[in-house]
Amino acid sequence: MSSKTCATTLRDPAELVAHGLARAEDLADLEKVASRYAIAVTPDIAALIDVDDPNDPIARQFIPTPAELSSRPGEHADPIGDHAYSPVAGIVHRYPDRVLFKLVHVCAVYCRFCFRREMVGPGKDSALSDAAYGRALDYIRNHREIWEVILTGGDPLMLSPRRLSEIMVDLAAIDHVKIIRMHTRVPVADPSRVSPDLVAALKVPGATCWVALHANHARELTGEVRAACARLIDAGIPMVSQSVLLRGVNDHAAALEDLMRAFVECRIKPYYLHHGDLAPGTAHLRTTLARGQELMRALRGRVSGLCQPDYVLDIPGGAGKSPVGPNYLLPQSSVGGEYDAQDEREAGQETRYRVTDYCGDVHLYPPKP
Ligand code: SF4
């Protein structure tokens, strides 16, 4: 059974309780959570939640719990090191050819596992002032190596179509900026916001816009969400996905398979499966890296390459993303057991490898003659 329908976004614990989305006995703790981390559950998301299921995978992503009050060693307010790589307000320049451009600090919904949970939401940093926006643009202009600008934050599709259009024009006017990427939850959280005006705003001469959709469970891709994505893609805007591996949401092979198939059916190429970042109060939603690797191995056996995301870890402190999926290739010499260097020399290769197929069977490459 879904929750009581709501006409507006739910933003405080008492409203969640009134709509059957949180337990009255948790209210005092949830008020403490709300004083630290933003809450927002849009009508579209509320309608997806089965209130009779205490483990509902949609509720786990958006409904706060008292577990958020417990921080673990290693968790950090800035888990992926944005601040250390921010040369001017609004810009994170971690890799040579691209920057994050954080224009807004609000989102349509607030994910309970958000890695920027200490930075997003009402009352956190406000949007960039005009002067700060100008300085960020100057930074991009003065760094000719920047080929791609990734609008994130906050959710850039919370901006009005008019403001988005101005920003797109400003960025596309910079010769070396060829790609403008939007990281967004809006098509899932509030699909009606993907209006013809918003779609038109993303199309600008001089640069190509890509949209990366954040979704973590196949049930998020409702008919309305699929239609919103189709409006973008039919307008010529390519889409990729990003998901977070979350305990109790998508940490089993069937859930991941359904999610990746749903993306591909929507013409969205699975791009990233993020390992959960060490954000404060999110331990109850994280899995282990070993479990993530096991799931990626299972996914490889269940769906085609079209449905395979890269499983990645953002290294704490800001050193960037690393692929952390299972390794299918090991030098034969590293495995022990029967190993014949003479064979390798005869094969004219520096080494011989053991390669694992999708069933888990191991083969030698090159094969022994
Ligand atoms: S939409 Fe993105 S930035 Fe906003 S709360 Fe969710 S994960 Fe964080």
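The values are calculated or read from the model by the stated rules, or taken from the named source; none is laboratory data. Quick caveat: nothing in here was measured; it's all calculated off a predicted structure. Cβ placement follows ideal geometry from the backbone for every residue including glycine, while neighbour counts extend to all protein chains displayed. What goes into the accessible areas is simple: the full protein's heavy atoms, side chains included, and nothing from ligands, DNA or RNA. Shrake-Rupley method; radii C 1.70, N 1.55, O 1.52, S 1.80 Å.
How much of the accessible area of the chain, in percent, comes from carbon and sulfur atoms when a 1.4 Å probe is used? Intermediate values should be presented prior to the final figure.
Values: 8830 of 16550 Å².
Carbon and sulfur atoms account for 53 percent of the accessible area of the chain.
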| Solvent-accessible area of SER86 with every protein chain in place, 1.4 Å probe, in Å² to the nearest 10 | 50 Å²
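How large is the helix-only mean residue ellipticity at 222 nm for the chain, computed as the sum of -39500 (n - 2.57) over DSSP H runs with n ≥ 4, divided by its residue count, in deg cm²/dmol to the nearest 500?
Working: 12 runs with 106 residues, N = 369.
Rounded to the nearest 500, the figure is -8000 deg cm²/dmol.
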| field | Average Cα contact separation per residue, region 45-200, under 8 Å, 6 or more apart, as relative contact order % | value | 22 percent
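Considering only protein heavy atoms, what per residue accessible area in square angstrom results for the chain with a 1.4 angstrom probe?
Numbers: 16550 Å² over 369 residues.
Ligands and nucleic acids excluded, the result is 45 Å² per residue.
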| So for region 184-309, Kirkwood radius off the Cα pairs, Stokes-Einstein at 25 °C and 0.890 mPa s: how many µm² s⁻¹? | 161 µm²/s
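When each pair of different Cα atoms in region 1-157 is counted once in the 1/r mean, what is the Kirkwood radius in angstroms, to one decimal? Before the final figure, lay out the partial values.
Details: mean 1/r = 0.0579 Å⁻¹.
Averaging 1/r across every pair of different Cα atoms and inverting gives 17.3 Å.
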| field | Neighbourhood net charge (12 Å Cβ-Cβ; Lys/Arg +1, Asp/Glu -1) for THR184 | value | +1
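A 20 angstrom limit on the alpha carbon distance is what I want to check against. Which of LYS32/LYS124; LYS102/LYS321; LYS124/LYS178; LYS102/LYS124; LYS178/LYS203 exceed it? The partial results should precede the final answer.
Details: LYS32/LYS124 16 Å; LYS102/LYS321 18 Å; LYS124/LYS178 31 Å; LYS102/LYS124 13 Å; LYS178/LYS203 13 Å.
Long pairs (Cα-Cα over 20 Å): LYS124/LYS178.
Using packing as a proxy for protection, rank 284-290, 302-308 so that the peptide with the highest average count of other Cβ atoms within 10 Å comes first.
Working: 284-290: 16.9, 302-308: 13.7.
Per-residue Cβ counts within 10 Å, averaged per peptide and sorted highest first, yield 284-290, 302-308.
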| message | If I model the chain as equal point scatterers sitting on the Cα atoms and use the Debye formula, what is log10 I(q)/I(0) at q = 0.08, 0.12 Å⁻¹? | response | -0.45, -0.95
| task | Would you mind telling me the antiparallel percentage of the DSSP bridges in the chain, rounded to 5? | result | 40 percent
| Taking H as built 1.01 Å from N, whose amide H comes closer than 5 Å to the amide H of SER241, not counting residues under 5 places away? | LEU213, LYS269, TYR271, TYR272
| With all protein chains modelled, accessible area of MET119 [1.4 Å, Å²] | 20 Å²
